[in-house]
Amino acid sequence: MSRTSGSNGLTYAQAGVDIDAGNELVNRIKPLVKATSRPGADSDIGGFGGLFDLKGAGFSDPVLVAANDGVGTKLKIAIETGQHRTVGIDLVAMCVNDLVVQGAEPLFFLDYFATGALEVDMATDVVAGIADGCKQAGAALIGGETAEMPGMYAAGDYDLAGFSVGAVERGEILPRKDVTEGDVLLGLSSSGVHSNGYSMVRKIIELAGLTWSDPAPFAEGKSLGEALMEPTRIYVKPLLAALKETSGIKALAHITGGGLPENLPRVLPENTSARIDLSRIAAPPVFPWLARTGGVAESEMLRTFNCGVGMVIVAAADEAEAVARVLGEAGETVHRIGRIEAAGDAPVLFDGTLGLSA
């Protein structure tokens, strides 16, 4: 590439970093960010750091809870299909769903977007999804970082990371210490694969000889790419409502990588086991299709995917119905999937089957 003039005329753009494109992106996303404003944050961007006023958010004796995550190889599908509008929702969901399981209200969110060469339209779509996710969670998008790193990423590739902070009053932190035998397990339905297990999904698609543009056998009227990009469900507002309106929630578990066998034990006392009746889980059609097409055993499905349950609630037996009612009124599909019992042969014990081979 020729220089503009003389021996000192090399520009940053000629090195692969377009400052003007970065400025254009900031201008485009300002209204998206502003739309996530909430008490405690005005959501203006452009400073060196984002500010949040805990007192302004109404807390008296808060404990801060932080979480960070990414979207995993679901990004590969977004990149290969050009569907960038929902991965931002996934990014927010993976963080804020982890906050609410500790009883925390998500307060604010920051994102990290890294790419080789900044494509403003694509990046705007990604940030628009992040803003959508923040609005669903009630969190303010108070900042982020766009990193243009030529040579680090192939053309069109990008990566995402998210960071969120929430707060919970000191006496309301979950899990509670009174989880005990007889407590009821309620499962909240997932919207699909969410954001875990996509390396398995992509391998199954490859082995089946399918493309992202092929019709999805499990979702009428959609392509495989469209169906598999269904965003992760954000459970924050319904769960916060149930925590406020009832006293029966003792623990929550976000079912991500590792599935039910690995995530549920994280919130249970060592002297207990969770017994789950798999026949009570309504697995979305994508899971039987993945199991059949890939020849994946039920045990492997359970430790790779959420299999239809994105969140598990441990509720006191005499309050379980009230908790389920509040969640149902908030738009969640709730199933009573099991109970807590004395410690058995494993932290999570399964009865019945998911019916994935049907």
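The values are calculated or read from the model by the stated rules, or taken from the named source; none is laboratory data. As the structure is a prediction and not an experimental result, all values here were calculated from the model. A quick note on method: Cβ atoms are made from the backbone with ideal geometry, for glycine too, and the neighbour counts reach across all protein chains shown. Remember, those area values only see protein heavy atoms, side chains included, never the ligands or the DNA or RNA. Shrake-Rupley method; radii C 1.70, N 1.55, O 1.52, S 1.80 Å.
Given the conditions (1) hydrophobic (A, V, I, L, M, F, W, C); (2) within 14 Å of Ala283 (Cα to Cα); (3) open to solvent by 50 Å² or more (accessible area, probe 1.4 Å), which single one is not true for Phe350?
It is condition (2) that Phe350 fails.
Kindly indicate whether any position in the stretch 312-331 is within 26 Å of the chain's Cα centre (by Cα), within 23 Å of Gly72 (Cα to Cα) and hydrophobic (A, V, I, L, M, F, W, C).
Yes, there is a match, as at least one residue in the stretch 312-331 is within 26 Å of the chain's Cα centre (by Cα), within 23 Å of Gly72 (Cα to Cα) and hydrophobic (A, V, I, L, M, F, W, C).
Out of the stretch 245-276, which residues are under 19 Å from Arg303 (Cα atoms), open to solvent by less than 30 Å² (accessible area, probe 1.4 Å) and outside any helix (DSSP H, G or I)?
Hits for the stretch 245-276 are Leu252, Ala253, His254, Ile255, Thr256, Gly258, Leu268, Ser273, Ala274, Ile276.
The rows are residues; the columns are (1) closer than 27 Å to Ser223 by Cβ; (2) in contact (Cβ under 8 Å) with a residue 24 or more places away in the chain; (3) over 13 Å from the mean Cα position of the chain (by Cα).
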{"residue": "Val87", "(1), (2), (3)": "yes, yes, no"}
{"residue": "Gly103", "(1), (2), (3)": "no, yes, yes"}
{"residue": "Leu110", "(1), (2), (3)": "no, yes, yes"}
{"residue": "Ala123", "(1), (2), (3)": "yes, yes, yes"}
{"residue": "Ile130", "(1), (2), (3)": "yes, yes, no"}
{"residue": "Gly144", "(1), (2), (3)": "no, yes, yes"}
{"residue": "Phe163", "(1), (2), (3)": "no, yes, no"}
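Please work out if Val26 is open to solvent by 20 Å² or more (accessible area, probe 1.4 Å), of a type in the set (Val, Ile, Thr) and in a strand (DSSP E or B). Break it down stepwise before answering.
Numbers: open to solvent by 20 Å² or more (accessible area, probe 1.4 Å): yes; of a type in the set (Val, Ile, Thr): yes; in a strand (DSSP E or B): no.
No: the conditions fail for Val26.
Here's the yes/no breakdown for (1) open to solvent by less than 70 Å² (accessible area, probe 1.4 Å); (2) at pLDDT 85 or above:
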| residue | (1), (2) |
| --- | --- |
| Asn8 | no, no |
| Ala35 | yes, yes |
| Gly47 | yes, no |
| Val65 | yes, yes |
| Asp69 | yes, yes |
| Thr73 | yes, yes |
| Val101 | yes, yes |
| Pro106 | yes, yes |
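Are any residues in the stretch 326-345 at pLDDT 95 or above and aliphatic (A, V, I, L, M), and if so, which ones? So that I can check it myself, show each step before the final result.
Here is the first cut: in the stretch 326-345, the residues at pLDDT 95 or above are 326-342.
Once the filter is applied, which keeps residues that are at pLDDT 95 or above and aliphatic (A, V, I, L, M), the stretch 326-345 yields Val326, Leu327, Ala330, Val334, Ile337, Ile340, Ala342.
I need a count of the residues in the stretch 283-295 that are outside any helix (DSSP H, G or I), touching a residue at least 60 places away in the same chain (Cβ under 8 Å) and surrounded by fewer than 16 Cβ atoms within 10 Å (Cβ to Cβ).
Matching residues across the stretch 283-295 total 1.
Taking Gly138, is it of a type in the set (Gly, Ala, Ser), in contact (Cβ under 8 Å) with a residue 12 or more places away in the chain and open to solvent by 10 Å² or more (accessible area, probe 1.4 Å)?
Working: of a type in the set (Gly, Ala, Ser): yes; in contact (Cβ under 8 Å) with a residue 12 or more places away in the chain: yes; open to solvent by 10 Å² or more (accessible area, probe 1.4 Å): yes.
Spelling it out, Gly138 is indeed of a type in the set (Gly, Ala, Ser), in contact (Cβ under 8 Å) with a residue 12 or more places away in the chain and open to solvent by 10 Å² or more (accessible area, probe 1.4 Å).
Does Arg339 meet the test of being free of Cβ contacts under 8 Å to residues at least 60 places away in the same chain, open to solvent by 40 Å² or more (accessible area, probe 1.4 Å) and basic (Lys, Arg)?
Judged against the criteria, Arg339 is not a match.
Across the stretch 52-101, what is the number of residues that are more than 30 Å from Leu224 (Cα to Cα) and either among the polar types (S, T, N, Q) or part of a loop (DSSP other than H, G, I, E, B) (or both)? Talk me through it step by step, then tell me what you get.
Of the residues in the stretch 52-101, the ones more than 30 Å from Leu224 (Cα to Cα) are 52-67, 99-101.
With the extra rule that they be either among the polar types (S, T, N, Q) or part of a loop (DSSP other than H, G, I, E, B) (or both), the set shrinks to 52-61, 101.
Residues in the stretch 52-101 being more than 30 Å from Leu224 (Cα to Cα) and either among the polar types (S, T, N, Q) or part of a loop (DSSP other than H, G, I, E, B) (or both): 11 in total.
Inside the stretch 145-187, can you point out the residues that are touching a strand residue (DSSP E or B) at 6+ places or on another chain (Cβ under 9 Å), farther than 30 Å from Lys244 by Cβ, of a type in the set (Gly, Ala, Ser) and loosely packed, with under 14 Cβ neighbours inside 10 Å?
Gly156
Yes/no matrix, rows are residues, columns are (1) acidic (Asp, Glu); (2) free of Cβ contacts under 8 Å to residues at least 60 places away in the same chain; (3) surrounded by 15 or more Cβ atoms within 10 Å (Cβ to Cβ):
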site	(1), (2), (3)
Glu206	yes, yes, no
Glu230	yes, no, yes
Ile234	no, no, yes
Leu243	no, no, yes
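If I ask for residues that are of a type in the set (Asp, Glu), closer than 18 Å to Leu75 by Cβ and assigned to a loop (DSSP other than H, G, I, E, B), which ones from the stretch 198-233 would you list?
Our first condition is that a residue be of a type in the set (Asp, Glu); within the stretch 198-233, this holds for 206, 214, 220, 226, 230.
Checking which are closer than 18 Å to Leu75 by Cβ leaves us with 206, 226, 230.
Scanning the stretch 198-233 gives a single hit, Glu230.
On the basis of being at pLDDT below 95, small (Gly, Ala, Ser) and under 21 Å from Val96 (Cα atoms), does Gly143 make the cut? Break it down stepwise before answering.
On the way: at pLDDT below 95: yes; small (Gly, Ala, Ser): yes; under 21 Å from Val96 (Cα atoms): yes.
Yes, satisfied.
Out of (1) closer than 22 Å to Ile255 by Cα; (2) open to solvent by 50 Å² or more (accessible area, probe 1.4 Å), the odd one out for Gly88 is which?
Among (1) closer than 22 Å to Ile255 by Cα; (2) open to solvent by 50 Å² or more (accessible area, probe 1.4 Å), the lone unmet condition for Gly88 is (2).
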